[in-house]
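The values are calculated or read from the model by the stated rules, or taken from the named source; none is laboratory data. Since we're looking at a predicted model, the values are computed, not measured. Please note: Cβ atoms are built from the backbone with ideal geometry, for glycine as well, and neighbour counts cover all protein chains shown.
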Amino acid sequence: MARISASILGFLFDSRKNKESSDSMISRINKALKEKEKDFDILHLDIEDGKFVKYKSFRASELRKIKSIHKKEAHLMVVNYKRYIADLFPIVQMFIFHEEVLKRDFSKTIDFIKKNKKFVGISISPDTHIDEIRYLDRIDLILVMSVYPGLPRQRFIEQTLWKIRKLKELRRKNKWKFAIEVDGGIHKDNMQKITNAGADILVMGSGFFTRKQQN
């Protein structure tokens, strides 16, 4: 069974819609994480800069107040990813960067993160082909976006299943070690077919927090 990475991005957008204070939002997030802590394995933190996507998401100061017993991964939907690394370094264990914005010296970024005992992932947007992914032999995770980056609660893009199967085959053929994570539009009715395609980790937001508590 795939591991669950719980995304809290939906809380942020609901908070903005309702003109809720940051402290109140964080309190609701912490309460929800506490109630569901036995049902997920990783805490997924979406970082948006208003440039790679048109929205801005959590600030580092807010993320430091979020409490979870689980390891955290930062999904950097940003253009200038280097400026976020230092602020997030004490908070997260996994950094996920978008293939579409990687700089030519990204190899040095991998070296720095791994030297400091953290993990490195690369994410691809729906329009990015698998053949465009670099560093597959060096990274710990591939995050396949099954929606377009930015907004929560989008519909799962079915073409993503082909990408998952292809990545699984490439991993087997080349004896690579990366995990396959899928993010967007995942809920109880489609999570099994995504896992069957080869996903190791499912990023779930509203599909996780709104479903009934497991026994």
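Where in segment 41-139 are the helices (runs of 4 or more DSSP H), entirely inside, with at least 2 residues that are under 15 Å from Gly150 (Cβ atoms), more than 15 Å from the chain's Cα centre (by Cα) and in contact (Cβ under 8 Å) with a residue 12 or more places away in the chain?
Result: empty, no element qualifies.
Working only within segment 158-215, note down all residues that are exposed (fewer than 14 other Cβ atoms within 10 Å of the Cβ) and among the aromatic types (Phe, Trp, Tyr).
Residue satisfying the conditions is Trp162 alone.
Could you check Lys54 against (1) buried (at least 20 other Cβ atoms within 10 Å of the Cβ); (2) at pLDDT below 95; (3) not hydroxyl-bearing (Ser, Thr, Tyr) and say which number it fails?
Every condition holds for Lys54 apart from (1).
Within segment 142-175, how many residues turn out to be touching a strand residue (DSSP E or B) at 6+ places or on another chain (Cβ under 6 Å) and of a type in the set (Lys, Arg)?
Total meeting the criteria: 1.
Just to be sure, is Ile124 more than 27 Å from Glu35 (Cβ to Cβ), in contact with a His (Cβ under 9 Å, 6 or more places away or on another chain) and of a type in the set (A, V, I, L, M, F, W, C)? Steps first, answer last, please.
Details: more than 27 Å from Glu35 (Cβ to Cβ): yes; in contact with a His (Cβ under 9 Å, 6 or more places away or on another chain): yes; of a type in the set (A, V, I, L, M, F, W, C): yes.
Yes, satisfied.
Restricting attention to segment 10-51, which residues are closer than 18 Å to Tyr81 by Cβ and either touching a Cys at 6+ places or on another chain (Cβ under 9 Å) or buried (at least 22 other Cβ atoms within 10 Å of the Cβ) (or both)?
Going through segment 10-51, the residues closer than 18 Å to Tyr81 by Cβ turn out to be 44-51.
Within segment 10-51, His44, Leu45, Asp46, Ile47 meet the criteria.
Is it fair to say Ile124 is in contact with a Ser or Thr (Cβ under 6 Å, 6 or more places away or on another chain), surrounded by 15 or more Cβ atoms within 10 Å (Cβ to Cβ) and closer than 25 Å to Ala199 by Cβ?
Working: in contact with a Ser or Thr (Cβ under 6 Å, 6 or more places away or on another chain): no; surrounded by 15 or more Cβ atoms within 10 Å (Cβ to Cβ): yes; closer than 25 Å to Ala199 by Cβ: yes.
Against the criterion (in contact with a Ser or Thr (Cβ under 6 Å, 6 or more places away or on another chain), surrounded by 15 or more Cβ atoms within 10 Å (Cβ to Cβ) and closer than 25 Å to Ala199 by Cβ), Ile124 does not qualify.
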